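Heads up: the structure comes next, in structure tokens.
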Amino acid sequence: MRKHFIDNLRWADVFLLIPYHTAQAFNTWGELNYICLQKSRAASSLIVFLSPFFMPLLFLLAGMSTRYALKKRSCCEYIVERVKRLIVPLVFGTLALCPILAYIGDVTNCGYSGSLWGHYKVFFTKWTDLSGYDGGFGVGQFWFLLYLFVISLICLPVIALAKKHFESGAVLCLMGLPLPLLYDLLSVGGKSLTEYTYIFLIGYYVLSNDRVIERAEKYRHLTLAIGFAAGVLNVYMFIWSGKDYGAANVIVKAAAEWFMILALIGTGKHSIDFDNRVTRFMSQRSFAYFSFHFVWVVLFQYLFANIFEGSMLLMFFVPMLCAFAATFICAEVCIRVPVLCFVTGTKPVHNKQRENNK
């Protein structure tokens with residue numbers, strides 16, 4: 001039986017990417033972005049509140065989905081599906097969309113004065129930190145697809161080994177180190193391959209278990225209260241206190257991550273474990289939405305930067321709303337054009353599906 005709350009949590013999480021990436025331009029800790037605007041502690045608070053669990057939830061859901069997928073597919077079929085859904089969109093996004101982001105990054109951060117077309121040579125020949133913020137080669141938000149593909153390949157032999165030598169694969173998860181110790185292991189740009197691999201395995205072995213899901217549902221109010229409080233405390237310590245709490249802040253962040261993930265799994269199972277026209281509409285467009293959202297956020301911020309200079313609210317909300325509209329238009333086009341479905345990892349809408357959605 002398909003667990004619809006997994007699909008619904010996934011597209012809801014992806015939906016938050018636009019406000020999250022809009023807020024990045026206003027961060028107060030000096031992190032580079034494709035475009036940097038005035039500093040805002042309010043916008044920064046949104047980033048810091050969401051960041052502990054925002055992307056980890058997607059890796060955990062991927063681990064859960066892998067558990068169910070491998071019941072129906074062989075390892076070879078699973079790998080082929082991962083290539084289609086992850087590597088193809090990664091290549092498309094890196095070649096077609098990331099050069100635009102890098103161009104704006106070069107213009108706003110490094111004073112580049114050439115044309116967009118002329119900048120393609122810069123993009124493919126300038127290699128620095130792979131962020132693209134300085135105009136060099138980067139993969140933008142598609143780092144998630146790259147990490148997920150690598151993690152999927154790493155975990156297949158781990159899963160096979162566990163089936164052969166352990167009664168329960170959950171033993172592997174118990175061997176893992178506490179989260180605060182994982183944050184800096186195999187970390188590129190603050191994104192730890194070790195942390196996300198561990199969370200993927202937790203999703204595969206622990207939170208795909210029906211009894212664990214039932215417990216997460218039962219205690220959803222408690223975990224939400226603890227997770228929300230830890231998230232607020234994390235925001236205060238990092239953004240508003242003016243002090244460096246060091247290890248204490250890291251521990252609070254880890255608490256926010258775990259308890260918010262448990263709360264969202266439990267709440268998702270309780271409240272959104274269903275399938276209807278709205279959920280199918282959103283789920284169908286989530287891959288295309290993921291691919292196109294960031295370029296629209298940055299483009300609209302770049303276009304409106306001078307127009308709304310000095311107005312934090314307009315500079316935040318107008319580009320964000322325009323990005324929502326443009327991204328959904330792109331998603332609508334994608335699901336109707338087979339080649340765009342292929343390059344964005346989107347499943348096409350067939351005529352019968354369109355009739356059912358009406």
> Which pairs in the list Lys126/Lys191; Lys39/Lys347; Lys126/Lys253; Lys121/Lys191; Lys71/Lys347; Lys84/Lys121 are over 30 Å apart, alpha-carbon to alpha-carbon?
Replying inline: Lys39/Lys347; Lys126/Lys253
> Shape of segment 191-245 from its Cα gyration tensor (a ≥ b ≥ c, root eigenvalues): rounded if a/c is under 1.5, otherwise prolate when a/b > b/c, or oblate?
Replying inline: oblate
> Counting only the backbone N, which residues of segment 245-278 are under 16 Å from the spot 7 Å out from the Cα of Lys218 toward its beta-carbon?
Replying inline: 263, 266-267, 269-270
>> Which chymotrypsin sites (Phe, Trp or Tyr not before Pro) in segment 250-345 sit in a loop by DSSP (not H, G, I, E or B) and have at most 13 other Cβ atoms within 10 Å of their own Cβ?
In response: Phe274
>> Please state the shape class of segment 215-340: rounded when a/c is under 1.5, otherwise prolate if a/b exceeds b/c and oblate if not, all from the C-alpha gyration tensor.
In response: oblate
> Among the aspartates and glutamates, which fall within straight-line cross-link reach of Lys243, defined as a Cα-Cα distance under 20 Å, with same-chain neighbours fewer than 8 residues apart omitted?
Replying inline: Glu31
> Using Cα pairs under 8 angstrom and six or more residues apart, how large is the relative contact order of the chain, in percent?
Replying inline: 24
>> Per residue of segment 28-33, what does 6.51 cos²θ - 1.76 cosθ + 1.60 with θ = phi - 60° give for ³J(HN,Hα)? Whole Hz please, x for Gly and Pro, Karplus curve as stated.
In response: 9, 9, x, 6, 5, 8
>> Give the aspartates and glutamates reachable from Lys3 as a straight Cα distance under 15 Å; neighbours fewer than 8 places away on the same chain don't count.
In response: Asp210, Glu214, Glu217, Asp273, Asp275
> Can you pull the three principal axis extents for the Cα set of the chain, in Å, largest first?
Replying inline: 61, 55, 41
> Which shape class, rounded, prolate or oblate, goes with segment 39-120 when its Cα gyration tensor gives a ≥ b ≥ c as root eigenvalues, a/c under 1.5 marks rounded, and past that a/b bigger than b/c marks prolate?
Replying inline: oblate
>> Along the Cα→Cβ direction, 7 angstrom out, place labels at Ala160 and Tyr120. What is the inter-label distance in nm?
In response: 4.1
>> Taking the number of other C-beta atoms within 10 Å as the exposure measure, put Thr223, Thr194 in order starting with the fewest.
In response: Thr194, Thr223
>> For a quick check: sort Ile226, Ile87 by the number of other beta carbons within 10 angstrom, fewest at the front.
In response: Ile87, Ile226
> So how long is each side of segment 60-200 along the principal axes, counting just the alpha-carbon atoms, biggest first, in Å?
Replying inline: 62, 34, 21
>> With 10 angstrom as the radius, rank Ser51, Ser271, Ser113 by how many other C-beta atoms surround their C-beta, starting from the fewest.
In response: Ser113, Ser271, Ser51
>> Checking understanding here: applying a Kyte-Doolittle mean of at least -0.5 and a length along the axis of at least 15 Å (C-alpha), which whole DSSP H helices in the chain pass?
In response: 4-15, 54-69, 98-110, 143-165, 193-205, 220-235, 247-271, 277-304, 312-334
> Do the sum for the chain: with -39,500 (n - 2.57) for every DSSP H run of n ≥ 4, divided by all residues, what is the mean residue ellipticity at 222 nm, to the nearest 500 deg cm²/dmol?
Replying inline: -21500 deg cm²/dmol
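Laboratory data are not the source of any read-out in this text; all were calculated from the coordinates shown. Keep in mind the model is a prediction, meaning the values are calculated, not measured. Every residue, glycine among them, receives a Cβ derived from its backbone with ideal geometry; neighbour counts consider all protein chains shown.
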